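First comes the structure, then the notes that go with it.
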Amino acid sequence: MAAFFDVPNETVFTMETTPLKFGPGATAEVAYDLKRLGVRRPLLITDRGLMRTGLPDRVCRLMREADLAADLFDDVHVEPTDASWEAIASYVQGRDYDGFVAVGGGSAIDSAKAANLFTTYPAPLTDYLNKPIGKGLPVPGPLKPLIAIPTTAGTGSETTAVAVLDVLSLHVKTGISHRYLRPSLAIVDPLNTVTLPPRATAYPAFDVLTHALESFTSRPYDARPRHRPDERPVYVGRNPVSDLWCEKALEFLGRSVRRAVLNGYDMAARTDLAMAATYAGIGFGNAGVHVPHAIAYPVAGQVRDFVPPDYPQAEPLIPHGLSVISTAPATFEWTFPSSPERHLRAAQLLGANISAITDAQARHVLPETLRSLMQDTGIPNGLAALGFGDSDVSSLVDGALKQQRLLVCSPRDVDAADLEAIIRASMQHWDAAASR
């Protein structure tokens with residue numbers, strides 16, 4: 001028995017996720033669920049763009065009609081920053097909220113996680129931020145109840161133990177990772193996504209896609225160093241259970257993402273995307289993501305003048321899903337040797353015909369499948385289209401190297417030279433039709 005504990009590799013994986021309520025109309029049950037969790041004075045957190053749809057007001061009315069003393073904060077910044085989190089922390093300071101409801105995309109849900117953390121265990125933001133940008137201190141204990149009601153099929157934040165933000169002074173995106181950040185309940189209602197315009201549907205969907213792909217191809221849990229149970233990270237590496245969630249997410253996306261972008265009122269497609277976002281959130285929330293997400297953080301943090309169509313705020317912004325998919329084709333060409341069978345399986349789930357490919361073609365099948373999906377849904381083709389050039393490569397590499405908690409999940413050891421090659425390969429424009 002003693003020899004077993006000397007094994008250097010991990011032998012244990014964990015699977016944790018948020019309790020889920022799914023289905024059209026599920027939002028109407030929010031007051032019941034808050035009471036079940038013991039909440040009487042909830043704060044609803046959302047953004048002003050979503051306020052224009054009327055959904056946050058309707059949720060507040062449901063809570064107040066059930067005799068809950070609901071309050072509303074509607075100043076979430078799309079793609080949160082340290083400044084916007086400080087504003088939320090200041091707003092909630094001294095207020096006697098005993099629970100939270102997040103209505104919105106990942107920005108609102110992550111901001112609600114931050115509000116919950118800083119009202120329960122106040123501390124400087126940098127104490128909790130992931131190393132090396134912050135101290136990476138653990139969350140001291142359980143938080144107050146939080147119900148997440150996503151209105152995009154994207155981040156999967158309703159199921160994860162991660163909250164992400166931009167640190168403005170450093171021009172880099174980072175976050176806080178701890179299992180206590182997971183919401184108490186996710187209410188996933190596909191009806192809440194039908195008003196999303198095409199690009200605001202496509203960008204989050206490609207975040208879902210990269211969540212599933214990166215997790216499915218990540219370094220396996222038993223090829224990583226052994227951890228003490230109190231030190232085991234949130235992202236443990238791919239494992240047999242996370243694979244199940246990721247495969248289903250890819251299947252649903254492959255059959256429905258084009259339809260949902262083309263026709264927002266296609267409820268079957270909207271339901272598939274909502275399910276895919278949740279499934280991928282469960283998968284990557286345990287297995288982890290790797291290179292595209294590590295590069296995406298400095299890509300988003302170093303935005304200059306790209307203004308995304310179909311987004312409410314007319315300011316430079318690279319949505320998270322766009323920043324991650326921009327380097328995904330080049331990344332998965334680079335990771336292919338680590339698990340050819342997984343890369344081909346992923347392409348097949350996304351709709352590729354792999355029955356007649358040659359060995360020489362195999363490496364390119366998944367990248368070309370991704371480029372085809374991007375082209376069909378109007379995704380800008382390459383980092384150059386987002387305003388980057390050769391002079392930015394060094395700063396993007398430096399920013400990606402700061403994301404060691406993600407890079408450790410890469411199926412291949414990755415260094416600065418590898419990141420530079422991937423970024424340069426992602427810089428140029430490409431023609432998906434011509435590449436096939």
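The values are calculated or read from the model by the stated rules, or taken from the named source; none is laboratory data. Being a predicted model, the structure only gives us computed values, none of them experimental. Cβ: placed from backbone, ideal geometry, glycine included. Neighbour counts: every protein chain shown.
D222 falls short on exactly one of the conditions (1) touching a Phe, Trp or Tyr at 6+ places or on another chain (Cβ under 7 Å); (2) part of a helix (DSSP H, G or I); (3) farther than 28 Å from A268 by Cβ; (4) not hydroxyl-bearing (S, T, Y), and that condition is (1).
For segment 109-143, a residue qualifies if it is among the charged types (D, E, K, R), assigned to a loop (DSSP other than H, G, I, E, B) and in contact (Cβ under 8 Å) with a residue 60 or more places away in the chain, and exactly one does: K131. Report whether or not D110 is of a type in the set (D, E, K, R) and within 15 Å of T46 (Cβ to Cβ). Judged against the criteria, D110 is a match. Taken together, V234, V208, V261 contain a single residue that is modelled with pLDDT of 95 or more, closer than 30 Å to A26 by Cα, among the β-branched types (V, I, T) and out of contact with any Pro (no Cβ under 6 Å at 6 or more places or on another chain), which is V208.
Filtering segment 134-152 to residues that are modelled with pLDDT under 95 and over 20 Å from R232 (Cα atoms) leaves only T152.
Can you pull out the residues in segment 278-298 that are modelled with pLDDT under 95, of a type outside the set (S, T, N, Q) and either over 24 Å from L181 (Cβ atoms) or out of contact with any Lys or Arg (no Cβ under 9 Å at 6 or more places or on another chain) (or both)? Hits for segment 278-298 are G281, I282, F284. Could you grab me the full set of residues in segment 77-107 that are hydroxyl-bearing (S, T, Y) and touching a Lys or Arg at 6+ places or on another chain (Cβ under 8 Å)? Y97 - this is the single residue of segment 77-107 that is hydroxyl-bearing (S, T, Y) and touching a Lys or Arg at 6+ places or on another chain (Cβ under 8 Å). Figure legend. Inter-residue proximity from segment 340-355: first residues touching a residue at least 24 places away in the same chain (Cβ under 8 Å), second residues among the hydroxyl-bearing types (S, T, Y) and buried (at least 22 other Cβ atoms within 10 Å of the Cβ), beta-carbon distance below 6 Å, spacing 6+ or different chains. Indicated pairs: R342/T217; L350/T369. Of all residues in segment 21-57, those satisfying the criterion of being assigned to a helix (DSSP H, G or I), more than 10 Å from D74 (Cα to Cα) and not small (G, A, S) are T27, E29, V30, Y32, D33, L34, K35, R36, L55, D57.
Under the condition of being surrounded by fewer than 24 Cβ atoms within 10 Å (Cβ to Cβ) and not β-branched (V, I, T), the residues counted in segment 183-196 number 5. Each residue in segment 44-69 was checked for being in contact with a helix residue (DSSP H, G or I) (Cβ under 7 Å, 6 or more places away or on another chain) and closer than 26 Å to L196 by Cα, and 10 of them qualify.
Flag not set for T193, criterion: outside the structural domain of S410 (by TED's automatic domain parsing), over 30 Å from L34 (Cβ atoms) and under 18 Å from the mean Cα position of the chain (by Cα). Screening R199, R255 for residues that are part of a helix (DSSP H, G or I), surrounded by fewer than 24 Cβ atoms within 10 Å (Cβ to Cβ) and modelled with pLDDT under 95 leaves exactly one candidate, R199.
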